[in-house]
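The values are calculated or read from the model by the stated rules, or taken from the named source; none is laboratory data. Please read all numbers here as calculations on a predicted model, not as lab measurements. Note that we place each Cβ from the backbone using ideal geometry, even for glycine, and neighbour counts take in every protein chain shown.
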Amino acid sequence: MRYRMGEMGESPKRPVIEVRTMEIDDLAPVFHLGEELFTAEEVPNLYRTWDEFEVVGLYTADTEYCLVAEAEQDGALVGFALGTTITKSGSAWKYGHLVWMGVDPAWQEHHVGTRLFNALRERYLEAGVRIMMVDTEADNLAAIRFFRKLGFGKPSEHLYMSLNLSNQRPGGRED
Ligand SMILES: CC(C)(COP(=O)(O)OP(=O)(O)OC[C@H]1O[C@@H](n2cnc3c(N)ncnc32)[C@H](O)[C@@H]1OP(=O)(O)O)[C@@H](O)C(=O)NCCC(=O)NCCS
């Protein structure tokens with residue numbers, strides 16, 4: 001990993017990366033990095049499942065809020081942030097939802113995530129977003145610390161419950 005000395009307000013050494021808007025050729029690398037990061041065990045809530053439709057859907061609907069970080073050295077994808085905006089009826093407020101965020105494990109804890117987040121926050125500010133939202137698993141301590149460091153607070157609990165229907169089929173069959 002190559003480093004560049006930090007600029008004003010940044011850490012003294014920062015990896016040499018470029019943060020830019022996601023492009024169509026990034027779809028596959030983003031999807032595969034996400035596959036590495038968001039395993040089924042770690043993301044059991046099916047309301048948000050990492051699959052190719054999720055990536056393509058966010059990219060086509062909200063390209064300007066889909067960012068990638070690439071290593072300047074070889075152009076390899078090292079991280080991504082996929083966001084969207086939400087406007088609720090009856091409310092003048094615009095919300096920015098950072099839906100997925102991931103950094104290549106080899107590049108984690110080198111402020112790549114912070115750079116991606118800062119770039120997305122700039123875009124949200126320009127678009128008039130008043131509140132940013134994120135969500136993560138309660139046991140994802142790295143992500144929770146990451147978001148807290150960036151200023152997120154007021155966590156509110158949301159419980160997901162499940163009911164296994166496999167034994168409740170007509171005749172009790174489990175086929
Ligand atoms: C969460 C994630 C995106 C953070 O990206 P990152 O580039 O490693 O984070 P940064 O280097 O910018 O970290 C910024 C701050 O977050 C906190 N942090 C980041 N990783 C951490 C870890 N593994 N343990 C504890 N704190 C951590 C630290 O406070 C850090 O500040 P510091 O370096 O001054 O101590 C990355 O860990 C990741 O991809 N995780 C797997 C996917 C995921 O959980 N995504 C979030 C939910 S969608």
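So for the range 83-94 (the condition being within 15 Å of the ligand (Cβ to nearest atom), at pLDDT 95 or above and more than 16 Å from Met132 (Cα to Cα)), does at least one residue qualify? Walk me through how you get there before you give the answer.
Step one: list which residues in the range 83-94 are within 15 Å of the ligand (Cβ to nearest atom), which gives 83-84.
Subset that is at pLDDT 95 or above: 83-84.
In the following step, the residues that additionally are more than 16 Å from Met132 (Cα to Cα) were identified as none.
Taking every residue of the range 83-94 in turn, none turns out to be within 15 Å of the ligand (Cβ to nearest atom), at pLDDT 95 or above and more than 16 Å from Met132 (Cα to Cα).
For the range 153-175, the candidate set comprises residues that are within 21 Å of Glu137 (Cα to Cα) and among the hydrophobic types (A, V, I, L, M, F, W, C); within that set, the residue that is modelled with the highest pLDDT is Leu163.
Go through the range 120-141 and count every residue that is outside any helix (DSSP H, G or I) and touching a Ser or Thr at 6+ places or on another chain (Cβ under 8 Å).
Step one: list which residues in the range 120-141 are outside any helix (DSSP H, G or I), which gives 127-140.
Imposing the further condition that a residue be touching a Ser or Thr at 6+ places or on another chain (Cβ under 8 Å) reduces the set to 127, 129.
The number of residues fulfilling the criteria is 2.
Kindly check whether there is at least one residue in the range 96-119 that is at pLDDT 95 or above, away from the ligand (no atom under 16 Å from the Cβ) and assigned to a helix (DSSP H, G or I). No, because not a single residue in the range 96-119 is at pLDDT 95 or above, away from the ligand (no atom under 16 Å from the Cβ) and assigned to a helix (DSSP H, G or I). Checked against the criteria, Leu46 does not count as of a type outside the set (Asp, Glu) and modelled with pLDDT of 90 or more. Only one entry in Gly96, Gly75, Gly151, Gly113 is buried (at least 18 other Cβ atoms within 10 Å of the Cβ), within 25 Å of Pro15 (Cα to Cα) and among the small types (Gly, Ala, Ser), namely Gly113.
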